[in-house]
Structures are given as structure tokens and as C-alpha cells.
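Let me begin by presenting the structure, written as C-alpha cells, before commenting on it.
Rule-based calculations on the coordinates, nothing more; no lab input. Predicted, not measured: the structure shown is a model, and the values here were computed from it. Cβ: placed from backbone, ideal geometry, glycine included. Neighbour counts: every protein chain shown.
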């Protein structure tokens with residue numbers, strides 16, 4: 001199956017599913033199904049993914065969210081200054097999710113306290 005068709009099927013599963021098809025850095029727009037590859041290589045970095053077993057109801061979170069226009073649009077982000085991303089990238093869901101699940105906010109804080117943004 002060609003990539004375009006696969007992305008179409010993934011988008012039918014969920015708005016953000018298509019993002020994971022390319023396995024390349026992309027800027028996602030629309031509902032998450034319009035992907036534009038960007039020049040970003042994170043190959044020298046390690047990532048930590050935490051699943052605390054907390055269910056966040058996506059539909060309810062979307063209903064409460066007020067998307068903001070970013071002060072630092074992703075298109076203008078210095079892709080090579082990874083260590084500064086935490087100061088400029090904002091996840092609009094945090095304003096809704098963190099008050100309902102403060103343990104998720106605590107995890108983010110602890111991760112940033114121990115984070116080192118450097119190439120191996």
C-alpha cells in the first residue's frame with residue numbers, strides 16, 4: 001500500500017494516527033492528517049515515554065480546550081535549539097488536563113528537572 005493511502009486509513013482511525021506513519025519529523029496540520037516533513041534529526045537523542053495508567057477522556061478534553069495561537073509558531077522554531085523547546089512549546093491540553101490530573105503535571109515537572117538536552 002502506498003504511503004498516501006496508508007495515511008488516509010490512519011486518519012480515519014484517529015486524527016493524530018497519521019502522524020506516526022512516516023517515521024520522520026513532520027509538522028502536522030488540519031486534524032493531524034496533513035503532514036509536512038521538516039528538516040529535523042533527533043537521531044542522537046534518547047526519549048523517555050511515561051504511561052502512568054491515567055485515562056484522559058479525549059473527547060471531553062477537546063470540549064474544554066481553548067486553542068491558543070502560539071507565541072512561537074512551529075514553523076519559526078529553531079529546530080536545532082532543542083534545549084530551549086521546553087520554554088517555547090506549549091501544549092494547550094495541559095490547562096485542561098493538569099487540574100483534573102495533577103499527577104500528570106508532577107510527572108512533567110520531574111521529567112524536566114532531570115532532563116538533559118544534549119546529543120549522545
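Brief remarks on what is shown
- Averaging 1/r over each pair of different alpha-carbon atoms in the stretch 42-120 and inverting the result gives 14.6 Å, the Kirkwood hydrodynamic radius.
- Computed from label points 7 Å out along Cα-Cβ, the spacing between residue 39 and residue 90 is 2.9 nm.
- Gained length - residue 28 relative to residue 80, 0.36 nm times residue gap less alpha-carbon distance: 16.8 nm
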